[in-house]
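Q: Sharing a structure here in structure tokens format.
The values are calculated or read from the model by the stated rules, or taken from the named source; none is laboratory data. Keep in mind it's a predicted model, so treat the numbers as computed, not measured. Heads up, the Cβs are rebuilt from the backbone with ideal geometry, glycines too, and the neighbour counts pull from every protein chain shown.
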Amino acid sequence: MSRRATHGRVFEARRREGRPVQPVDEQWQRAVAIVAHPDDLEYGAASAVARWTAQGKEVSYVLATMGEAGIDAMPPERAGPVREEEQRRSAARVGVGHVEFLGHRDGSVEAGLPLRRDLAGALRRLRPEVVLTMNFELTWGEGGGVNHADHRAVGLTTLDACRDAANRWMFTDLGEPWQGVTDLYVAGTSAPTHFVDVTATIDAGVASLREHQAYIDGLGTDFDPDEFLRNIAGYGGMAAGCEYAVLMQRFQV
């Protein structure tokens, strides 16, 4: 699959160029993960979330959509509630109790002021020190499949929303500014700089992905969450020097 191939190419490139990845600084207490759809975090990043919640950290999920347009054989009015429930169960598997859905239309998310406003509002409410989002590049690595438009819109807008949340003159009706975000990490990127060792929490990550059964069934392929995640995290581990790792790119806020 495209994401798996991307991680293989990332590892090989970093090995040839001698560019080591560094461990994520875990001296923080609250994080917010912002993505477009149910299951976006479960294709790797949830294993890192499981590590953090096991350390006693507080992690919240914010999703732009309910993923209602993501199952071809299921109409949106039925798929939305199904996928919302799957996401809540999935989050619980990795110790996340707070999950928000912002109500943007699946497949129609736009990177503009309305989305920036919603994300900045969430950051002011939840007051994280660390923000996690997903790959917003055009493709999944050089020569890879085209990345979903919603992923690109949400990921890029998340960077802008961190600044908006800190600016008291932006969205003045959304409460006090939050200037406490120090780092933003992007998972699934083609240029990772950091890693999270998920050797002890890969099983929780697999269990989290398995909760998206309706979506997995809708793929119409022979998909094994355990094989998929261990393959990706195995490549990450080779780059990081451990058995399994989630690779991320760090942006200083």
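Q: Inspect all residues belonging to the stretch 52-70 and state whether any of them is surrounded by fewer than 18 Cβ atoms within 10 Å (Cβ to Cβ), at pLDDT 95 or above and part of a helix (DSSP H, G or I).
A: Yes; the residues of the stretch 52-70 include at least one that is surrounded by fewer than 18 Cβ atoms within 10 Å (Cβ to Cβ), at pLDDT 95 or above and part of a helix (DSSP H, G or I).
Q: Of everything in the stretch 5-51, what is closer than 18 Å to residue 208 by Cα and either in a helix (DSSP H, G or I) or at pLDDT below 55 (or both)? Give them in sequence order.
A: Passing the criteria: 45, 46, 47, 48, 49, 50, 51.
Q: Look through the stretch 71-88, keep the residues that are assigned to a helix (DSSP H, G or I) and of a type in the set (Gly, Ala, Ser), and return whichever of them is nearest to residue 125 (Cα to Cα).
A: Here the answer is 80.
Q: Please go through the stretch 37-61 and give me each residue that is over 13 Å from the mean Cα position of the chain (by Cα) and under 14 Å from residue 133 (Cβ atoms), ordered by number.
A: Selection gives nothing.
Q: I need the full set of residues from the stretch 240-253 which are outside any helix (DSSP H, G or I) and either of a type outside the set (A, V, I, L, M, F, W, C) or in contact with a Leu (Cβ under 9 Å, 6 or more places away or on another chain) (or both), in order please.
A: The answer is 241, 243, 244, 248, 249, 250, 251, 252, 253.
Yes/no per residue for (1) aromatic (Phe, Trp, Tyr); (2) surrounded by 15 or more Cβ atoms within 10 Å (Cβ to Cβ); (3) closer than 30 Å to residue 70 by Cα:
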| site | (1), (2), (3) |
| --- | --- |
| 146 | no, no, yes |
| 158 | no, yes, yes |
| 177 | no, yes, no |
| 181 | no, yes, no |
| 185 | yes, yes, yes |
| 188 | no, yes, yes |
| 193 | no, yes, no |
| 213 | no, no, yes |
| 218 | no, yes, yes |
